[in-house]
1. Which of 124, 295, 192, 105 comes first, and how do the rest follow, when ranked by fewest Cβ neighbours within 10 Å?
2. Quick one: go through the stretch 191-212 and flag any residue whose amide nitrogen is under 12 Å from the point 7 Å out along the Cα-to-Cβ line of residue 27.
3. Report the extension gain between residue 72 and residue 117 in nm, rounded to one decimal, defined as 0.36 nm multiplied by the number of residues separating them, less their alpha carbon distance.
4. Please report 129, 106 as a ranked list, fewest other C-beta atoms within 10 angstrom at the top and most at the bottom.
5. If R0 is 41 Å, what FRET efficiency do you get for residue 65 and residue 188 from their C-beta distance, rounded to 0.05?
6. Just to be sure I understand the model, the point goes 7 Å from the Cα along the line to the Cβ. What's the resulting residue 174 to residue 84 distance in nm?
7. For 272, 53, 156, what's the fewest-to-most ordering of other Cβ within 10 Å of each Cβ?
8. How far, in nm, would the chain grow between residue 57 and residue 294 when pulled straight, counting 0.36 nm per residue and subtracting the alpha carbon separation?
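Values in this text are rule-based calculations from the coordinates and carry no lab data. It should be emphasised that the depicted structure is a prediction, and the values quoted were computed from it without experimental measurement. Note: ideal-geometry Cβ built from the backbone for every residue, glycine included; neighbour counts use all protein chains shown.
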Amino acid sequence: MENSLLFLLSLPRSGSTLVQQMLGCSSKVHTEAETWMLLPLLYIFQNDSTLSDFWYTNGQQAISEFLARKKSRKEIYLSRISEMFEELTEIGSSRKQPLRYFLEKTPRNLLVKDELLEAFPHAKYILLTREPISILSSMSKTWCRGRWAYERYRIDFEIGLPNLISLLNNKLIDSLHIRFENLMADPITELKRICVFLGIPYEDKMIESFRETNVKGSTGDKTGLQAFSSVEPSRGQTNWKHLCNSVRRKQFCEMVSNLGKEAYVSAGFDFDEYTRNISNPRQERLLTDMAYLSKHRLKKFFFQRFVMDGKRISPYLYG
């Protein structure tokens, strides 16, 4: 294939749409809206169940068993997925000048990171991180009207984040780590780092005209772009400290504890700053959060008991 695949991997609300728009300005990069194409094809190897009209659980078990009976079957399956996706991305661009990369940005690809690496071992990967507490705050403000977002997006923090940190420590893949906070503080330096990594020239329009990038498709979170007319350090700051009441603090502390201080620090997160700022929780929205948390857990219990008839489902379904 003429063009190379470039994967941008991050948690939601980490600035991935901003990075996509910036790189999309390059004459050497083509990108489109989040494809979500690889997730259903690669998720077949996960043990968690999901829903469909044809009873996905049975189909998942049957396909996994079929591919496992012969060692070469899984290799063929992943190889054909890779070939198909590369061919589809080849015909995606309408530009006349030669390109270097097709940029694929679907944050939930982190859920299938092992299969992704196996299917695309020669791709390049940009690993974008942001302070988890800032991500949670942004999710709560943007998608949940200020209510605590952890229950709804647990899968991103309990599976996606550890997978992202695992990729940061994987020396066998061709990857570059970009911190959202550094990008906002010094966008030109960080973009030049990305361009050197990709072997493409830096272009001023990546900063000056990133909002003009025409990313075709409806998927992807455009919320941040509506607020970003320019890239300034203050625009990337999230005032999350007032959000940490005791319910929220407990959930977030459990997540960080399970992740481990070493892993947290290895991702470039400031562990000491996190512990200082979360140690004195406020009591704002406490009753609201307790009710919201109870609602989600009851919803999942009744769904599994009466809809799924007690059968196993993903612990994150209807989270």
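1. Values: 124 20, 295 11, 192 14, 105 27.
Arranged by neighbour count, lowest to highest, 124, 295, 192, 105 become 295, 192, 124, 105.
2. Answer for the stretch 191-212: 201-205.
3. Values: separation 45, 0.36 × 45 = 16.20 nm, distance 1.70 nm.
Value of the extension gain: 14.5 nm.
4. On the way: 129 24, 106 20.
Lowest count first: 106, 129.
5. Values: r = 52 Å, r/R0 = 1.27.
With a Förster radius of 41 Å, E is 0.20.
6. Going by the 7 Å Cα→Cβ label model, 2.4 nm.
7. The fewest-first ordering by Cβ neighbours comes to 53, 272, 156.
8. Values: separation 237, 0.36 × 237 = 85.32 nm, distance 2.71 nm.
Between residue 57 and residue 294, full extension yields 82.6 nm more.
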